[in-house]
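The values are calculated or read from the model by the stated rules, or taken from the named source; none is laboratory data. Because the structure is predicted, anything quoted here is derived from the model rather than measured. Cβ coordinates were reconstructed from backbone atoms using ideal geometry, including for glycine residues, and neighbour counts include every protein chain displayed. Please note that ligands, DNA and RNA were not included when accessible areas were found on the heavy atoms of the full protein model with its side chains. Shrake-Rupley method; radii C 1.70, N 1.55, O 1.52, S 1.80 Å.
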Amino acid sequence: MKILSVFLLAIVAVEGHYTFPRLVVNGKTVEDRDWLFTRQTKNAQSKSGIENPTSGDIRCYSSTTAPQIATVPAGASVNYISTQQINHPGPTQYYLARVPAGSSAKTWDGSGSVWWKFASTMPYYDANKQLVWPAQNTYATHPAAIPANTPSGEYLLRVEQIALHMASQANKAQFYISCSQINITNGGNGTPGPTVSLPGAYRSNDPGIQVNIYNLQPDAYRAPGPAPWQG
């Protein structure tokens, strides 16, 4: 019986993990197969998250680049299909990094202080007085709009969902990440910022990473990273 119990716990642990292999633009899934515009992540099979926020994997967690680049208009809503239910509580955040001149979104690695955040979700109490985040227990990340004043050009689009169910311990928050290769069209002349490096923007003891969510008021949570740029 003990062996069976351990086996069942292992199954539950795996089922609680997920990846984000397909990009959604304005409510439409633009990838007709996994990892077409989105870079395949190292956890494509294991579905496990990253626990060390200072690791190089915190940028895109990618094992390969994607074969194509998606066209996304400035101002569009973006989100991702999840392979499993996003049942772990925690914020969803979106970042962009503009590809340097002379490089391609198909090959650029996203290094340097080039990433800026444009969206981050906050928790609230549900009907049972439980702390939850938008889109929790669904099969897609919460959508966010790319600011309309974002300059046109090729970018890496990064989504992260930070699972905080064990985050009261150091390096026990779990980061679920994907990066897509996109070309933003019909953009504006804004100057997005502040920009940060990934890794570099996060520390293990940041209050939004090491936190006891079971003793937290919704408006007291502070997500890691820079403030979102609104355009």
*asked:* Can you pull out every residue in region 157-186 that is surrounded by fewer than 19 Cβ atoms within 10 Å (Cβ to Cβ) and not aliphatic (A, V, I, L, M)?
replied: 165, 168, 169, 171, 172, 183, 185, 186
*asked:* Looking for something under 14 Å from the mean Cα position of the chain (by Cα), farther than 25 Å from residue 193 by Cβ and in contact (Cβ under 8 Å) with a residue 60 or more places away in the chain - is there at least one such residue anywhere in region 126-145?
replied: yes
_Pairs where the first residue, in region 168-194, is in contact (Cβ under 8 Å) with a residue 12 or more places away in the chain and outside any loop (DSSP other than H, G, I, E, B) and the second is small (Gly, Ala, Ser) and open to solvent by less than 30 Å² (accessible area, probe 1.4 Å), C-beta under 6 Å, 6+ apart_ = 174/49; 174/163; 175/49; 176/49; 181/66; 181/105; 182/70; 184/74
*Before we move on, is residue 219 under 19 Å from the mean Cα position of the chain (by Cα) and over 24 Å from residue 38 (Cα atoms)?*
no
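Looking for whichever is of a type in the set (S, T, N, Q), more than 28 Å from residue 231 (Cα to Cα) and open to solvent by 10 Å² or more (accessible area, probe 1.4 Å) here; the options are 83, 41, 71, 29. Which one fits? Give the derivation first.
Values: 41 fails: open to solvent by 10 Å² or more (accessible area, probe 1.4 Å); 71 fails: more than 28 Å from residue 231 (Cα to Cα); 29 fails: more than 28 Å from residue 231 (Cα to Cα).
Checking each option against the conditions leaves just 83.
Look through 153, 90 and report the one residue that is open to solvent by less than 20 Å² (accessible area, probe 1.4 Å), touching a residue at least 12 places away in the same chain (Cβ under 8 Å) and more than 27 Å from residue 217 (Cβ to Cβ). It would help to see each step written out before you state the result.
Details: 90 fails: more than 27 Å from residue 217 (Cβ to Cβ).
That would be 153, the only listed residue that is open to solvent by less than 20 Å² (accessible area, probe 1.4 Å), touching a residue at least 12 places away in the same chain (Cβ under 8 Å) and more than 27 Å from residue 217 (Cβ to Cβ).
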*Considering only residues of region 195-228 that are in contact (Cβ under 8 Å) with a residue 24 or more places away in the chain and small (Gly, Ala, Ser), which is farthest from residue 147 (Cα to Cα)?*
204
